[in-house]
Amino acid sequence: QVQLVESGGGLVQPGGSLRLSCAASGNIFNTYTMGWYRQAPGGRRELVAQIGSDHTTLYIPVKGRFTISRESGKNTVFLQMNNLELSDTAVYYCRIETTPPFWGQGTQVTVSS
């Protein structure tokens, strides 16, 4: 079993930036794709970005504003979020794409003026 711990959320004004981190336990981090998902109030959980073990990336709704990266030596995946918008307000979760996948507990991001 893998444990994922997210951090870095908070309250930010529109146009601001945050960097989320997700630290993974165990020794399988380097083998699997990692993903960041988010769930807005009343909404469905949606994929934001993924990064493969070979560092290839996939972005869904936020390309150009968000950047996903991973650091193998620290078993950590990051989500750099720039130019944040009100609609980015959500709980952000990381997931390791094993079968079945494992989720972190989530970190709240609130964009508000």
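Quick look at the numbers
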quantity	calculated
Kirkwood Rh and Cα Rg combined as Rg/Rh, region 27-70	1.03
√(5λ) per eigenvalue of the Cα gyration tensor, region 44-113, largest first, Å	21, 15, 12
Cα radius of gyration and Dmax for region 1-55 (Å)	13.4, 38
Accessible carbon and sulfur surface of the chain relative to its total accessible area, %, 1.4 Å	47
Segment ASN27-LYS74, length gained on full extension (0.36 nm per residue, minus Cα span)	15.8 nm
Antiparallel DSSP beta bridges within the chain, as percent of all bridges there, nearest 5	90
Potential lengthening between ASN83 and VAL5 on full extension [0.36 nm per residue; Cα-Cα distance subtracted]	25.6 nm
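The values are calculated or read from the model by the stated rules, or taken from the named source; none is laboratory data. Just so you know, these numbers come straight off a predicted model, no measurement behind them. Surface accessibility is based on the protein's heavy atoms, side chains included, excluding ligands, DNA and RNA. Shrake-Rupley method; radii C 1.70, N 1.55, O 1.52, S 1.80 Å.
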